[in-house]
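Participant: My questions all concern the structure below.
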Amino acid sequence: MLTFKIRLPEVPPSPENIYSDAVGLLLSDNLRTFHGDPGSHITYLSKRFGDMKLSLVDPHDQGERVLFAHHIWNSGIQMAEFISDASDPAKEGERGGRWDVTGHSVLELGSGTGLEGIVSALAGAEEVVLSDYPSPAILANTRSNVETNVPKEQQQKLTVQGHEWGVLTDHFSKAHANYFSRILCADCLWMDGEHYSLAQSMEHFLSYEEGARVWVIAGFHTGRAKLVSFFDIAAQAGLETENIWERDADGNEREWVKERNGRQEDASGRNKWLVVGILKRKQASSTEKVGRQEQFFASMLMQKSNRHT
């Protein structure tokens with residue numbers, strides 16, 4: 001169970017806590033999708049690297065608060081588990097080495113606490129950039145988590161960087177175009193209005209190396225339709241979905257489908273499940289690439305225009 005991989009700080013009993021616990025017992029199928037409270041901390045219980053204490057930012061600006069960088073999400077825990085297992089000598093060969101970051105340059109988009117990027121560094125990545133919206137509070141908290149959980153001699157290979165999806169004209173974006181062989185993205189798909197910008201950043205930063213991949217994991221808690229939308233938009237941006245499947249909090253897996261149960265998935269059921277996707281660059285001629293880019297940007301402009309009308 002993914003939720004067994006974390007430990008929350010003990011809170012003194014109160015009527016509110018008792019009620020919350022009772023709801024959890026009565027609705028045991030309604031798995032919690034996020035964990036922790038703003039300004040608090042959470043402990044990730046890693047079998048591979050030991051307990052990791054992660055502070056959770058307490059953003060005071062409402063615009064930053066709606067980014068939900070002040071929680072740990074099940075998708076991030078799952079990605080950290082995949083990466084940890086891939087580096088474990090006792091589990092060598094598990095999942096065909098699919099989640100191995102050894103020797104890779106890694107970019108985490110929407111890093112929040114930085115959990116997946118920190119685990120990547122500990123698992124043997126050559127270089128790791130943990131990026132999130134350029135909020136001083138969010139980025140300062142991520143840096144604090146790096147200092148807390150990464151040995152000092154390894155911290156030099158991690159960088160915390162502000163990056164707004166789709167904004168690719170700053171120095172960092174220009175200097176790192178087509179640079180990263182691994183891009184991590186955990187629970188960033190719930191904002192369907194940002195799908196074009198997110199896909200644009202992925203395509204911009206992904207290396208042209210044959211083995212370069214984007215790893216995406218997201219929860220169904222905001223609805224399946226939003227997840228379907230992202231993978232369609234990523235294809236327009238030139239990113240092909242190489243593998244995609246669904247996995248629940250207990251490790252059960254099933255086929256990915258764009259629609260399930262006649263679009264009548266109940267909240268408690270879908271909260272258990274994550275979509276796991278591995279994306280790579282589409283192979284296309286120069287002419288096809290130009291045409292695809294023109295179509296993508298036209299769609300992006302239309303979508304942004306609709307949002308402002």
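Participant: Excluding same-chain residues fewer than 8 positions from LYS282, which lysines have a Cα within less than 27 Å of its Cα?
Facilitator: Correct list for LYS282: LYS174, LYS226, LYS258, LYS304.
Participant: Let me know the Kirkwood hydrodynamic radius for region 151-259, please, with Cα pairs as the basis and the value in Å to one decimal. List each step's numbers first, then the result.
Facilitator: Working: mean 1/r = 0.0649 Å⁻¹.
The answer is 15.4 Å.
Participant: Please list, in chain and number order, the residues 5+ apart from VAL160 or on another chain whose amide H is under 5 Å from its amide H, with Hs placed from the backbone.
Facilitator: LEU130
Participant: Counting each pair of different Cα atoms once, what's the Kirkwood radius of region 81-174 in Å, rounded to one decimal?
Facilitator: 13.8
We did not get these values from a lab; they are worked out from the coordinates using the rules stated. Predicted model only: the values in this text are computed from it and were never measured.
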